[in-house]
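Every number here is computed from the coordinates shown, using simple stated rules; none is lab data. All values derive from a computational prediction rather than experimental measurement. All Cβ positions, even for glycine, are placed from backbone atoms using ideal geometry, and neighbour counts span all protein chains on display.
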Amino acid sequence: MRESSVMSRRGFLAGAALFAGALAGCDANNNPSGAENDQQAGNSQPTTSSSGTSSVTSANGNVLVAYYSAQGHTEAVAQVIADELGTDLFEIMPAEPYSDDDLNWTDDSSRVTREHEDESLRDVELTQVTPDGWDGYDTVLVGYPIWWGIAAWPVNNFITGNDWDGKTVIPFCTSASSGLGQSGDLLAEAAGSGDWQEGRRFSQNADEDEVRSWAAGLS
Ligand SMILES: Cc1cc2nc3c(=O)[nH]c(=O)nc-3n(C[C@H](O)[C@H](O)[C@H](O)COP(=O)(O)O)c2cc1C
C-alpha cells in the first residue's frame, strides 16, 4: 500500500469481484438526455477500439492507472485495467465528495447542475493532486466518467496540477451512452504536455472481459 489514495494490487481481487455488481448498478435515470449528450460529445455512438494506436511499452515500464469515479463505474473499470496490467492505482478524490443529491442532474439547483451551468464553479479541490512517485511513471492511464459529454470536471485539477512532460497518457472513460468525444483532446490541451494517445470509452455496464482485453492489448 503506497498511500491512502493509491491501492496496491492486493485490492484488485476484491475490485474484480465487485466489478459485475458495480457495473450492474446502472443509473440510467440519472443521466442527462441522450440528445444533449450527443450534441456535446459530438458523437452519438460509443467509441469502438483504439488499442491499435495506444500502447503501454517497455514491459509496462512504470505505469499508473489514475481515475475519478463518482458512482463506482469508472472505479470498477480502472481496477480491472490495473489488475490486468499489474500497475499502481490512484484515485482522484474531491476534498468534498459528491453526494447522490449533488449528482442529481435533474435538479436545477444541485451541485453538479450549478457547476455545469457555471464553469467557474468547476475548480474542484482534491485531497491529493500528485500521486506519490509521480516522476517515476512513464505511462499514465486516466479514467473518468462522462458528464454532459465531457470528462467529469473533478479530474481537471489532477490534469492541470501535474507535469505530463515525457509521459505517455491514455484516457479512458465510462458513460451511459456518449462516446469519448472531445474529452481526451480537451484534457490533453489542459495538460499542455505529454504524449496523449487515443482513448477508449466503456459502457457503465462494460463487460469485464472487454476491459481486460483492451488493457491486455496495450502491453
Ligand atoms: C452529472 C452527470 C452527467 C452525466 N452525463 C452523461 C453524458 O453526457 N453522457 C452519458 O452517456 N452519460 C452521462 N452520465 C452517466 C455517467 O457518465 C455514467 O453513469 C458513468 O459510468 C458514471 O461513472 P462513475 O460511476 O465512475 O461516476 C452522467 C452522469 C452524471 C451523474
**Item:** Every pair of residues 6+ apart whose Cβ atoms lie under 6 Å, when the first sits in the range 130-141 and is within 15 Å of SER219 (Cα to Cα) while the second is of a type outside the set (A, V, I, L, M) and assigned to a strand (DSSP E or B)
**Value:** THR139/THR168
**Prompt:** Among (1) within 13 Å of the ligand (Cβ to nearest atom); (2) touching a residue at least 40 places away in the same chain (Cβ under 8 Å); (3) not hydroxyl-bearing (Ser, Thr, Tyr), which single condition is VAL112 missing?
**Reply:** (2)
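Within the range 195-205, track down each residue that is surrounded by 20 or more Cβ atoms within 10 Å (Cβ to Cβ) and either in contact with a helix residue (DSSP H, G or I) (Cβ under 6 Å, 6 or more places away or on another chain) or more than 17 Å from GLN71 (Cα to Cα) (or both).
Residues satisfying the conditions are TRP196, GLN197, GLY199, ARG200, PHE202, GLN204.
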**Asked** Is it fair to say ASP163 is over 22 Å from GLU75 (Cβ atoms) and out of contact with any Leu (no Cβ under 8 Å at 6 or more places or on another chain)?
**Response** yes
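Could you check the range 60-86 and list, in sequence order, the residues that are away from the ligand (no atom under 15 Å from the Cβ) and over 18 Å from TRP164 (Cα atoms)?
ASP83, GLU84, LEU85, GLY86
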